[in-house]
Amino acid sequence: MSTRYALGIDFGGTTIKTAIVAQDGRIISRGSVPTGMPASPEKLLATTADACLRQVEAARLALTDLCGAGIGMPGTVNQETDCVEYANNLGMTSFPFVRKLRDALGIPVTGGNDADLAALGEYTAGAGKGASSLMLVTLGTGVGGGIIVNGKIWSGCNYAAAEFGHMVIEAGGRPCTCGRRGCFEAYASASALTAQAEKKAAEQPDSLIGKVYAASGHVSGKDILTALKEEDAAAKEVFDDYIYYLGLGITNLINIFQPEKLLIGGGISNFGDLLLNPVREHVEKYRYSRYSDRNTQIGIASLKNDAGLIGAAALTGIFDR
Ligand SMILES: [Zn+2]
């Protein structure tokens with residue numbers, strides 16, 4: 001039997017990434033184009049269809065060689081109507097993006113939420129491979145994630161599940177973009193970490209992060225990582241606080257779902273063991289199941305930016321045995 005291929009599409013805030021994925025999970029060809037935002041939904045659709053055609057061509061394949069395409073969107077995708085119900089950053093509401101892309105390409109196209117698909121990607125070909133249940137918690141600009149149960153995305157009754165970032169962990173706490181206060185995202189996102197580091201840097205100009213801040217006007221995640229390695233007390237104070245809230249939120253998620261694996265992804269996952277060890281310690285101390293002999297394994301996601309593309313390809317069923 002000849003190798004089967006699928007087209008994976010990851011529609012992000014600034015770029016549309018495309019890839020041809022083989023049935024063994026390898027990406028054989030990839031590309032990316034700017035979304036061209038701001039643009040109308042029709043224009044975004046045309047840009048996406050064009051990027052797909054060019055990707056297939058670049059791989060020297062024809063659309064008929066593909067078993068289908070999957071697309072991850074930064075919003076709520078209704079899989080019954082193939083509509084993007086709500087994508088805040090794209091200014092898209094109730095637009096049949098997936099259906100229209102299928103019409104434009106003439107092959108089966110399935111859509112899903114980008115964070116859900118990243119979780120599916122990790123489950124299919126990444127650090128979550130072999131787990132019966134998996135949660136991915138992504139620490140980036142916001143906090144997102146996905147839940148996989150027996151190989152399927154748990155998306156709730158309305159395709160809006162797994163918004164871990166909007167679980168309140170500090171009643172009346174920091175304001176969140178969703179309108180509530182004290183959301184996990186306002187404490188555990190990469191943006192929250194750098195914002196707190198900048199605050200601390202301004203208060204302690206003689207610290208390592210203070211000097212970085214004075215010279216450049218900002219403190220990045222990388223600056224914090226460097227400062228931690230240099231044992232900068234101000235950076236450590238900020239990071240300990242961050243770990244406390246991250247550990248608290250992850251313990252909540254584990255107490256509710258008890259997944260076999262929980263993976264941490266997103267930019268902050270580059271902190272590696274510096275992040276993982278204290279989070280594991282926190283969870284170990286506080287999880288309800290601490291007396292069980294079987295517990296959630298906490299790890300770092302392995303596919304990085306490819307998780308969404310592989311997860312999108314997985315929607316076509318290419319990896320099903
Ligand atoms: Zn929120």
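The values are calculated or read from the model by the stated rules, or taken from the named source; none is laboratory data. None of the values given here were measured: they were computed from a predicted structure. Here the Cβ positions follow ideal geometry from the backbone for every residue, glycine too, while neighbour counts run over all protein chains shown. For the accessible areas, the whole protein counts, side chains as well, though only heavy atoms, and no ligand, DNA or RNA atoms are used. Shrake-Rupley method; radii C 1.70, N 1.55, O 1.52, S 1.80 Å.
Scanning the range 225-234 finds no residues that are β-branched (Val, Ile, Thr) and in contact with an Asp or Glu (Cβ under 7 Å, 6 or more places away or on another chain).
When restricted to residues that are buried (at least 20 other Cβ atoms within 10 Å of the Cβ), at pLDDT 95 or above and either more than 16 Å from Gly266 (Cα to Cα) or within 13 Å of the ligand (Cβ to nearest atom) (or both), the range 144-168 contains 4. Every condition in (1) surrounded by 15 or more Cβ atoms within 10 Å (Cβ to Cβ); (2) among the small types (Gly, Ala, Ser); (3) free of Cβ contacts under 8 Å to residues at least 24 places away in the same chain holds for Ala301 except the one numbered (3). Each residue in the range 143-179 was checked for being part of a loop (DSSP other than H, G, I, E, B) and within 23 Å of Gln79 (Cβ to Cβ), and 12 of them qualify.
Mind checking whether some residue in the range 246-255 is surrounded by fewer than 17 Cβ atoms within 10 Å (Cβ to Cβ), within 20 Å of Gly121 (Cβ to Cβ) and assigned by TED's automatic domain parsing to the domain that holds Ile148? Taking every residue of the range 246-255 in turn, none turns out to be surrounded by fewer than 17 Cβ atoms within 10 Å (Cβ to Cβ), within 20 Å of Gly121 (Cβ to Cβ) and assigned by TED's automatic domain parsing to the domain that holds Ile148. Just one of the numbered conditions (1) free of Cβ contacts under 8 Å to residues at least 24 places away in the same chain; (2) not in a strand (DSSP E or B) is not true of Thr93: (2). The condition (being in contact with a helix residue (DSSP H, G or I) (Cβ under 8 Å, 6 or more places away or on another chain) and not assigned by TED's automatic domain parsing to the domain that holds Ala160) is satisfied by just one residue among Asp114, Asp103: Asp114.
Of the residues contained in the range 125-142, one or more are found to be within 16 Å of the ligand (Cβ to nearest atom), without any contact (Cβ under 8 Å) to a residue 60 or more places away in the chain, open to solvent by 50 Å² or more (accessible area, probe 1.4 Å) and outside the structural domain of Ala22 (by TED's automatic domain parsing). I'd like to know if the range 199-221 contains one or more residues that are within 30 Å of Ala87 (Cβ to Cβ), away from the ligand (no atom under 16 Å from the Cβ) and part of a loop (DSSP other than H, G, I, E, B). Yes, the conditions are met somewhere in the range 199-221. Quick check on Gly173: is it within 16 Å of the ligand (Cβ to nearest atom) and free of Cβ contacts under 8 Å to residues at least 24 places away in the same chain? It is true that Gly173 is within 16 Å of the ligand (Cβ to nearest atom) and free of Cβ contacts under 8 Å to residues at least 24 places away in the same chain. Screening Ile209 against (1) open to solvent by 20 Å² or more (accessible area, probe 1.4 Å); (2) of a type in the set (A, V, I, L, M, F, W, C); (3) more than 26 Å from Phe164 (Cα to Cα) leaves a single unmet condition, (1).
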